[in-house]
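To keep things clear, I will list the structure first and then write my remarks on it.
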């Protein structure tokens, strides 16, 4: 899955060269261009929490959202979503450590192209991914929703927080409720300088980049 | 080898042509089945974040075929609405050219382009999105197709009575009053149809012109450009079809009619060039950062040969050729010219799509997506050929088996002729 894209940039000249990384999840805009463009209302904005989500059973795969999104967060399933749709897990890393591909290390575990939270490798119907539809980052809606059901608070409790936030080893990502003035993210935004990407489009993205 | 079907003589040439089209259709069907089985990965498309074009050859042909149907309708409508006698003999043919291109082109190319063609009806039911430009494409296209069917039927009814009586559905009154009634209905249909036709092409332009995320597309000129180049390519196609049916189906089409069509063409090409010039000048003079990449790609970059062929070969050279009355009356020159124009407008569609889909906004110095590139695969080319073959097949069968040709009218010979 490439739902979160990471820009890589080299900055400076020799000898002061550094590499900068910039993650780009879906922006979950307040006024999403993709929702306006989608002809079937498959792409919709969830009223309760403001997440911009896709109904895979309505999507026709016209890729208008891919074209309309200024941030290019949409990914189309060009083939049956399996390991090598965008990235060849079999070949990648082969002979890197004198061994086979990634699968040799991963073994029978859930492969990286499937969501470990909703997919079971042995039950194909539980692999919620389809050919010919558009997917994108959901802010791990399934984790947030199941966490809230258990009474957990997104952004505070691990089980109600997007996977990228809890796995980031340097804690570069923070998640929380922007409407709540006492949430961790609201406090961070009050304290730190921030900017949002491509603000002049007026989409009001929900992803803030702290500087 | 010649036999008759439904009272129409089938020649060897006709059988050869039909078989040729069917072979093309079969090849395309094979390619399309591969694409269905494996997904759109058989095409050269890719998402823009990974440096590709999410909309490509299929959409180019889709909007191209929407465009070429404009000419046929324009000619038929002007014949009925403004009583242009010159165009009356070809009005049924023109309506059918418009009808076939719009009936075959957009639906089939969209079906080829969709990731889930089995859900194609979701565009209309159960949850269409009235905020999406695609919704209005659907609405206007459906109205347009219905209108063209009605127009074709009414303009042909008189001949259906004698030749294909079952198609008249009982309305086989050939009295003077009834024919006059037909004329009035045709006039009304053309009157209602002109705004619908204009909106079909405008809405097609707005699919792109309203999208703010692609720097080159966001332009109020998109609708007029689509309209003008639709008319140019449409009339060019009509000229081409007229010459072909004259040569191979024995239609009687007067040289004056073709010359008039050519004159019409030479009036519309400058408008088309004018709009293109405004677009390029505005973008180029303002030289905003986001616009410059697609513009340079178009003018001097990888797409430059196609762009300059579009401008010189597809517009300026035909314009010069059509300026000579001698050439306007030569079938050979007209065939060549209309083909040049058709290729030129096709390239124009290609350029518009490529300048949009391949270029996304970079994040103003923060970050940038990889540069885009796109090459169609053989699957795309075959499916495209297949759909054009289907359109050609349908048009051929219509021209062969329906009384499309206007019966010869008994025109009183003018006195001048007798003096000669």
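Things worth noting here:
- Neighbouring partner chain Cβ atoms per residue of A:40-53, average, 10 Å criterion: 2
- Stokes-Einstein diffusion coefficient of chain B, Kirkwood radius over Cα pairs, 37 °C, 0.692 mPa s, in µm²/s: 143
- Measuring r between the beta carbons of residue A:16 and residue B:366 and using R0 = 25 Å, the FRET efficiency lands at 0.80.
- Here each label is just a point 7 Å from Cα along the line to Cβ, and for residue A:194 and residue B:34 those points are 4.9 nm apart.
- Between residue B:14 and residue B:332, the distance separating the two model label sites (each 7 Å from Cα on the Cα→Cβ line) works out to 2.9 nm.
- Cβ-derived FRET efficiency at R0 35 Å, residue B:6 paired with residue B:84, nearest 0.05: 0.60
- A crude spin-label estimate for the pair residue B:385 and residue A:182, with each label 7 Å from Cα along the Cβ direction, gives 7.1 nm.
- Contact order normalised by residue count of chain B, Cα under 8 Å, 6+ apart, percent: 29
- Chain B: most fluctuating residue of B:57, B:299, B:238 per GNM, C-alpha cutoff 10 Å: B:299
- Between residue B:166 and residue B:378, the FRET efficiency estimated from the beta carbon spacing at R0 = 30 angstrom works out to 0.10.
Bear in mind these aren't lab numbers, they're just calculated from the coordinates by the rules spelled out. Note that the coordinates shown come from a computational prediction; the quantities given were computed from them, not determined experimentally. No Cβ is skipped: glycine too gets one built from the backbone with ideal geometry, and neighbour counts run over all protein chains shown.
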